[in-house]
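The values are calculated or read from the model by the stated rules, or taken from the named source; none is laboratory data. Quick caveat: nothing in here was measured; it's all calculated off a predicted structure. Cβ placement follows ideal geometry from the backbone for every residue including glycine, while neighbour counts extend to all protein chains displayed.
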Amino acid sequence: MADTHRPPEQFKLRLRRYDPESRQPPYWDEHEVKLEPHRSVLEGILQAKASFDGSIGIRCSCRAAICGSCGVRINGEPHLACHTHLDEARRLSADGVIEVEPMGNMPVIKDLIVDMDAVHWKKIQRVTPWLIAKQPVPEREYIVERESMVDITQTMACIQCGACVSDCLAMEVDPGFVGPAALAKAYRFVGDPRDDAHFERLNDLSEDPQGIYDCTHCFKCVQACPKDVNPMGQIMRLRRIAGSDHHIEDDNNGHRHEAAFVTLIRDYGLLHEAELLPRSYGGNSWLGKFHPNAGLELLRSSRVAALGILRGKMNLKTALLGHKLAKPDLQAIKRIYQRVEGAEKRRELNLYITGTDEDDGPTAGSAGSSDGASAAAAAESAAQPSPQSAVSPEGSIDL
Ligand code: SF4
Ligand code: SF4
Ligand code: FES
């Protein structure tokens, strides 16, 4: 619990200032404020604004981590300014000075205020962010399984702060990527049994080259999110439902490419780069290796591969011959696949592996056991830190 009785201390803030209308380049501006250590960085900025420079631009409203308007970067990481203590921010700073910048991937309007309309809200609109009600609409209410509503609660916790958008690496390279917040929003409706457009939504986001398969699984959005929405996890669920349940084979080859990773890990325990493209295009058969599109893609990727080898990011020998995994480790991986894929009812256990789990109790798959399903369930639990994550008494909830 925060110590609310500590006396006020001096804190130094280094604020990124920029006014596009001034036609001057951005610059750093430093101010010292005096506040109790448990006070927020937002309070520090507001004190600097009130005491030294009323022109400091910062957006805020609730001051309680609810409205999502005070998203900034503090010491290079996305945070809610109202939800970050001054002492903690100072502790994590490089030189004792708390550095505050505007969020990334969005144009700066002024100082710490970014244009959410230009990027974040535009992308939210892209995913049809409302329920398309199943017909006929019942006279009283839809009756749905409570598990499905618990499932989407995680995405409903989003406060639209844009922190995930700010740090999304895919969006940095491809600003057209639909992005983590909007795709988490899409899952909110795909996971809702009252929505009547699951296939249309999934098909749209699978066929869009900047849709669900454009995410590079960098985990940045998972780390950035102050509400544990786990946007990347929601994107993986969208992919899984699109590919496994609706059998959508997108023209971008996204689903097959992902499936190639899954089968490669199952067969070798580690990635086998030389087989990745053939499997992506030709499937898991021997003949598939000669799929013409695989050759074309290989040619297209050869420059990137050569650069990877030159810069030491790839090893030619292991890329061609595959990485070697100790036999017991490979067998352990195979056991996970067998256990997960062999069961009758699907239970989502981690980012990629789908299958079923016949365990009944809420403790099924808890850490501490060394069997495959438990290890995979533990991985899921680690990847899903949401306080909303839950297992029903029947052990049937799939989050
Ligand atoms: S995991 Fe995907 S959506 Fe999330 S930040 Fe990385 S690239 Fe973006
Ligand atoms: S998913 Fe998390 S980080 Fe992204 S906008 Fe919603 S609350 Fe903010
Ligand atoms: S001011 Fe509302 S979330 Fe920070």
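What the table below lists for this structure:
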quantity	calculated
Qualifying positions in segment 80-126 - in a loop (DSSP other than H, G, I, E, B) and touching a residue at least 60 places away in the same chain (Cβ under 8 Å)	G96, P102, M103, G104, N105, M106, D111, L112
Qualifying residue in segment 61-70 (condition: outside the structural domain of C221 (by TED's automatic domain parsing), in contact with a helix residue (DSSP H, G or I) (Cβ under 8 Å, 6 or more places away or on another chain) and polar (S, T, N, Q))	no
Unique match (being over 27 Å from G211 (Cβ atoms) and buried (at least 17 other Cβ atoms within 10 Å of the Cβ)) among A332, A319, A326, A260	A319
Residue that is surrounded by the most Cβ atoms within 10 Å (Cβ to Cβ) [pool: residues in segment 126-163 that are within 16 Å of ligand 3 (Cβ to nearest atom) and either on the phi > 0 side of the Ramachandran plot or not assigned by TED's automatic domain parsing to the domain that holds L238 (or both)]	G162
Breaking point among (1) modelled with pLDDT of 95 or more; (2) among the charged types (D, E, K, R); (3) away from ligand 1 (no atom under 16 Å from the Cβ); (4) surrounded by 13 or more Cβ atoms within 10 Å (Cβ to Cβ), for K123	(3)
Selection within segment 127-149 - part of a loop (DSSP other than H, G, I, E, B) and basic (K, R)	K134, R140
Which listed residue is within 26 Å of M106 (Cβ to Cβ), at pLDDT 95 or above, within 16 Å of ligand 2 (Cβ to nearest atom) and touching a strand residue (DSSP E or B) at 6+ places or on another chain (Cβ under 8 Å), from A182, A224	A224
Test result for A181, near ligand 1 (Cβ under 8 Å from one of its atoms), part of a helix (DSSP H, G or I) and either at positive phi or among the aliphatic types (A, V, I, L, M) (or both)	no
Flag if C168 is touching a residue at least 60 places away in the same chain (Cβ under 8 Å) and either within 13 Å of ligand 2 (Cβ to nearest atom) or of a type in the set (G, A, S) (or both)	yes
Residue identified as within 15 Å of ligand 3 (Cβ to nearest atom), β-branched (V, I, T), farther than 30 Å from F189 by Cα and outside the structural domain of E200 (by TED's automatic domain parsing) among I45, I98	I45
So S61, is it surrounded by fewer than 14 Cβ atoms within 10 Å (Cβ to Cβ), within 16 Å of ligand 2 (Cβ to nearest atom) and not basic (K, R)	yes
Every pair of residues 6+ apart whose Cβ atoms lie under 7 Å, when the first sits in segment 58-77 and is β-branched (V, I, T) while the second is within 16 Å of ligand 1 (Cβ to nearest atom)	V72/H79; V72/M103
